[in-house]
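A.B. asks: Would you mind keeping the following structure in view while I ask a few things?
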Amino acid sequence: MTNQHREFDVIVWGASGFTGRLVAEYLLETYGAGGEATNSVKWAMAGRNAGKLGEVAEEIGAGDVPIVTGDAADPKSLGEMARRTKAIITTVGPYQKYGEPLVAACAAAGTDYVDLSGEPPFMRKMIDTYADQARESGARIVHSCGFDSIPFDLGVFYVQQLATEQFGAPAPLVKGRVMAARGGASGGTVASMLATMENIGDPFVRRTMRDIYSLAPDDDANRPRQPDGNRPHYDRDTGKWVAPFIMAAINARNVHRSNMLMNYAYGENFKYSEMMAAPNAPAAFAIAGGMGAGAGALLFPPTRALMKNTVLPKPGDGPSKRQRETGYYKVLFVAKNDDGEIVKAVVKGDRDPGYGSTSKMIAESALCLAFDVDREETPGGVWAPAAAMGEKLIKRLEDKAGLTFEPA
């Protein structure tokens, strides 16, 4: 099934929310308001409340951008919206609460879909429920198209290309190390974490969070035990003390899903370790202790409720424009072969990770699917970013979105 002759190239669902508005601002600044001009992107802002969408459109100077309304509680309206566009961007989370109706609509309509989900239980459910229908309709469902997990999934993809050039084969071990980052916590990311914690009593949620391969189910594969990312230690390959990184749980799952979907391009024995650099040993142990205490507090309902109502950022909260524009991140990837030889690569972003860079990454992911990646190379199904878009997305991100991928 093809969706190439549709009214819009991209629809931004949730465009009146904090992150959705940033996506709309990016599309407007980078591609204009659309229309019939050659090479223009035809896009629309969508959500439940037309009045609120109209106010946001006027505020950001997007008065000429079409507005589409729908309701997550009305499958018919979502189906009609999905059939009008090649791809849909959704920033409306937590996805395990609000995401499934739109995935269902896109899978039925053959419409490409990208989100910012960092919620493994939701993603596994979408794989189990909609992968077959998406394969039939041609819809490409791609989760985690923001800071989790594009820099990491594509960073591994990129460094494995370098390893193959240097070693003649992909490396059996890749380390991802967050070397530097500036940017506030994302209220949406926190809400997603809370939604998972609130459902941790569900056996399906517990199994999904316990199994590092939960997004890459393969009964025939004999895959290795993965490195322990919770133990602070001195990493000789980077010359840094390293500590647990809060997003490793979702990023590693997407890296392993990409490997599986690419027919184990990194090998069935591939191992991936993701941690953050610390200035010294005491700092590394302090980070690990703080993360452990925070996770324990979130698992305990009374303290979770207290933190939710007091210290944690709310959905829709976010950094100022200045904070977004002065934010950045740098992630080092080390590919190591069995002889101990290494090759390194660096991925950098020029905005704060959770909002400024994320809004650009998800927009370019949708456009990559709409314009660059045909269905012969990436047919319908539920994908991870690197497996779905690979080099074509790297090119877009470097050309448009302020990311760089370089040998180190």
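A.B. asks: Closer than 30 Å to Leu393 by Cα and modelled with pLDDT under 70: which single residue out of Gly349, Gly296, Gly316, Gly267 fits that description? Show your work before the answer.
C.D. replies: Values: Gly349 fails: modelled with pLDDT under 70; Gly296 fails: closer than 30 Å to Leu393 by Cα; Gly267 fails: modelled with pLDDT under 70.
From the options Gly349, Gly296, Gly316, Gly267, the qualifying one is Gly316.
A.B. asks: Would you mind stating whether Asn259 is assigned by TED's automatic domain parsing to the domain that holds Gly289, modelled with pLDDT of 95 or more and in contact with a helix residue (DSSP H, G or I) (Cβ under 7 Å, 6 or more places away or on another chain)?
C.D. replies: Values: assigned by TED's automatic domain parsing to the domain that holds Gly289: yes; modelled with pLDDT of 95 or more: yes; in contact with a helix residue (DSSP H, G or I) (Cβ under 7 Å, 6 or more places away or on another chain): no.
The answer is no for Asn259.
A.B. asks: Could you tell me which residue of the range 81-127 is farthest from Gly20 (Cα to Cα), considering only residues that are touching a strand residue (DSSP E or B) at 6+ places or on another chain (Cβ under 9 Å) and of a type in the set (Asp, Glu)?
C.D. replies: Taking the candidates together, the pick is Asp112.
A.B. asks: Are there any pairs with C-beta distances below 7 angstrom linking a residue in the range 382-402 that is assigned by TED's automatic domain parsing to the domain that holds Val41 to a residue that is of a type in the set (Phe, Trp, Tyr), with the two at least 6 apart or on different chains, and if so which?
C.D. replies: What qualifies is Val382/Tyr130; Ala386/Phe157; Gly390/Phe157; Ile394/Tyr158; Ile394/Phe405; Glu398/Phe405.
A.B. asks: Mind checking which pairs have a first residue in the range 243-266 that is under 14 Å from Gly292 (Cα atoms) and a second that is assigned to a helix (DSSP H, G or I), Cβ under 7 Å, 6 or more apart or different chains?
C.D. replies: Every condition considered, the pairs that remain are Ala243/Ala284; Ala243/Ile287; Ala243/Ala288; Pro244/Ile287; Pro244/Ala288; Pro244/Met291; Ile246/Met291.
A.B. asks: Right, another one. Condition check: modelled with pLDDT of 95 or more, among the aromatic types (Phe, Trp, Tyr) and surrounded by 24 or more Cβ atoms within 10 Å (Cβ to Cβ). Does Tyr113 satisfy that? Break it down stepwise before answering.
C.D. replies: Values: modelled with pLDDT of 95 or more: yes; among the aromatic types (Phe, Trp, Tyr): yes; surrounded by 24 or more Cβ atoms within 10 Å (Cβ to Cβ): yes.
When the stated conditions are applied, Tyr113 passes them.
A.B. asks: Then there's this: State all residues of the range 80-102 that are over 13 Å from Val10 (Cβ atoms) and either outside the structural domain of Leu27 (by TED's automatic domain parsing) or crowded, with 19+ Cβ neighbours inside 10 Å (or both); if no residue qualifies, say none. Let's see the steps before the verdict.
C.D. replies: Residues of the range 80-102 that are over 13 Å from Val10 (Cβ atoms), as a first pass: 80, 83, 92-102.
The answer is Val92, Gly93, Pro94, Tyr95, Gln96, Gly99, Leu102.
A.B. asks: Would you point out the residue of the range 23-70, among those that are charged (D, E, K, R) and within 14 Å of Glu7 (Cβ to Cβ), that is modelled with the highest pLDDT?
C.D. replies: Start the filter on the range 23-70 by keeping residues that are charged (D, E, K, R), which leaves 25, 29, 36, 42, 48, 52, 55, 58-59, 64.
Subsequent filtering for residues that are within 14 Å of Glu7 (Cβ to Cβ) retains 36, 42.
Details: Glu36: 61, Lys42: 96.
Within the range 23-70, the match that is modelled with the highest pLDDT is Lys42.
The values are calculated or read from the model by the stated rules, or taken from the named source; none is laboratory data. Predicted model, so just to flag it, every value in this text is computed and none were measured. Positions of Cβ are backbone-derived with ideal geometry, glycine not excepted, and every protein chain shown enters the neighbour counts.
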